[in-house]
């Protein structure tokens, strides 16, 4: 829900596309069960199925962290160049 | 199971329980506000929690005693299928990153305490708000009851209560635990579980760290553990396999839909929202999505304990006892006591938050909306405190009078039900396009389908409510009922919205404006809505 500020900025920017990809990636990886429903290669005796998913806990954490940092960057640059109400649309386009 | 009472373990358990009780009562004075007789104070801790308190509170809230008992129990029983809890908690965080900050902002701006408050404000519909509130209360009650089941499992293994004696002696420890819980929740509100969560998570992390290193060493490494599991799941020669190390073709849909459906549902639960709204700023929430996954890692390790229970030769009739029994068999008595305390306290934190959340829903969306519209903040807080007691007593009666499977069945239904509030809540956060009547109809269809479908699932031990998965109509694969019902819900909502818009059906009044969804603490108009009293009292 972008507001009409003096400087109209596009809602979809390359930065926001990257944020969206960071947030969508875990869904693709985790819902594609057949890509990891196997026991080999095992890691320290733990079958692939288990360590792969636990590895994704770390990957998705890193991705969320990147998304968070980029989002802060995005907001700061908007606040810096926009008017007072340029705080608009936080969260709006990250879907 | 060893005979008699495990004295050392019980002593350690009681020590931690007493410590937590003291903390619970002292919490009332922590970050105390001048204006304490309001729902913002009692039910949301003054909306003042920072990143770390929120982290502990949410972790303590979402990863419950029942989780600790049930997830490894599922692995113990069937293997891979029970591991869906891990992808489920992975998917939760990108989701809440996207929508919870918006809910936080609009709630701060308008003083919303519950999700139903928001739905009423957004769509101007008391009916829709009532539907969301009732769903929330219905879904929370059995969840509280299951926390008691978790405590009971621990007490059983320690030899307290158990099968001997009359019902009063048997249930006395549980009654005491609950009386204490009820008393400090009443006096301290959300501050009590917030403080106790520190102890709970500290203990849990300690126990998991020790268990994941110590037990595999004793059992001869993960290779030995998984081959023992493989052997058990293969079943008797010529018989059917009872489980699997990796899910086969036919169960992959179930795995994925359970993970997705549960992830969508988790933050619809009132207790998740209560913990979120108690945070200080929207950045606290986003920052938390980057540190909360630590709990998912812990959950994954914990799930592996299910395999260890198999390898250790733990034989229990009731799968819920597998992990407590594993601890008792493997650990020295004193550390088993620590592990049991971790599970026991792990039940108290979410039970407190859940009862507060259910009480808030009742107070704001039933009492204030329908019974006494001119209630003052002090009256609201008072009603909420009383209702939190009623809710807990209800859960206690539920557990003591009915079979455990009833609580588990209802919790299963609760997950399906709560997911049906997603379109109104999350949809509402992003768009006003949905029509209030369409949302209500979609909700009703989802609830009805979900309930009937779950009723029709039979298992070897139960005729109804035997599981949460069923064939998805039109696709033919087995999937999570909650997610099927959710899709049905969305389709009905969209179609009816188009029809109602074409008929120009009257819209409710939207009291929110677009910039409310991005407001942050300190913005004009937000700070003034906050209780002014939290300053100068942090210590």
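All of the numbers you see were taken from the coordinates with simple rules; none came from a lab. Given the structure is predicted, the values throughout are model-derived calculations rather than measurements. Please note: Cβ atoms are built from the backbone with ideal geometry, for glycine as well, and neighbour counts cover all protein chains shown.
Miscellaneous remarks
- Least to most buried among B:477, B:41, B:515, B:249 (fewest other Cβ within 10 Å first): B:249, B:477, B:515, B:41
- Taking a ≥ b ≥ c as the square roots of the eigenvalues of the Cα gyration tensor, chain B is oblate, since a/c reaches 1.5 or more and a/b is not larger than b/c.
- Among B:271, B:110, the order by Cβ neighbours within 10 angstrom, fewest to most, reads B:110, B:271.
- By the compact-protein rule of thumb, 2.2 N^0.38 Å, the alpha-carbon radius of gyration of the range A:14-77 corresponds to a ratio of 1.39.
- Computed over the range B:109-224: relative contact order in percent, which uses C-alpha pairs under 8 Å that are six or more apart: 9
- Computed from Cα positions, the angle between helix B:51-62 and the longest principal axis of chain B comes to roughly 60 degrees.
- Mean separation of Cα contacts under 8 Å (6+ apart) over length of chain B, as relative contact order %: 32
- Stokes-Einstein translational diffusion, the protein assembly as shown - Kirkwood Rh over all Cα pairs, 0.890 mPa s, 25 °C, in µm²/s: 98
- Taking every C-alpha pair closer than 8 Å and separated by at least 6 residues, the mean separation divided by the residue count of the range B:1-135 gives a relative contact order of 11 percent.
- Taking a ≥ b ≥ c as the square roots of the Cα gyration tensor eigenvalues, the range B:1-141 comes out oblate, since a/c reaches at least 1.5 and a/b does not exceed b/c.
- Cα-based helix-to-principal-axis angle, B:191-219 vs chain B, degrees rounded to 10: 30
- Mean per-residue shielding of peptide B:276-287 is 1, counting Cβ atoms of other chains within 10 Å of each Cβ.
- Most to least packed among B:54-66, B:88-100 [average Cβ atoms within 10 Å]: B:54-66, B:88-100
- Computed [θ] at 222 nm, deg cm²/dmol, chain B (DSSP H ≥ 4; -39,500 (n - 2.57); rounded to nearest 500): -22500 deg cm²/dmol
- Alpha carbon centroid spacing (whole Å) that separates the range B:54-131 from the range B:180-221: 20
- Put in order of Cβ neighbour count within 10 Å, fewest first, the listed residues B:52, A:56 become B:52, A:56.
- Residue by residue along B:332-341, Cβ atoms of other protein chains within 10 Å of the local Cβ number 0 on average.
- Cβ crowding within 10 Å averaged over residues, with A:13-21, B:357-365 ranked highest first: B:357-365, A:13-21
- In degrees, nearest ten, helix B:252-266 long axis to first principal axis of chain B (Cα): 50
- Average beta carbon contacts from partner chains per residue of B:508-517, 10 Å cutoff: 2
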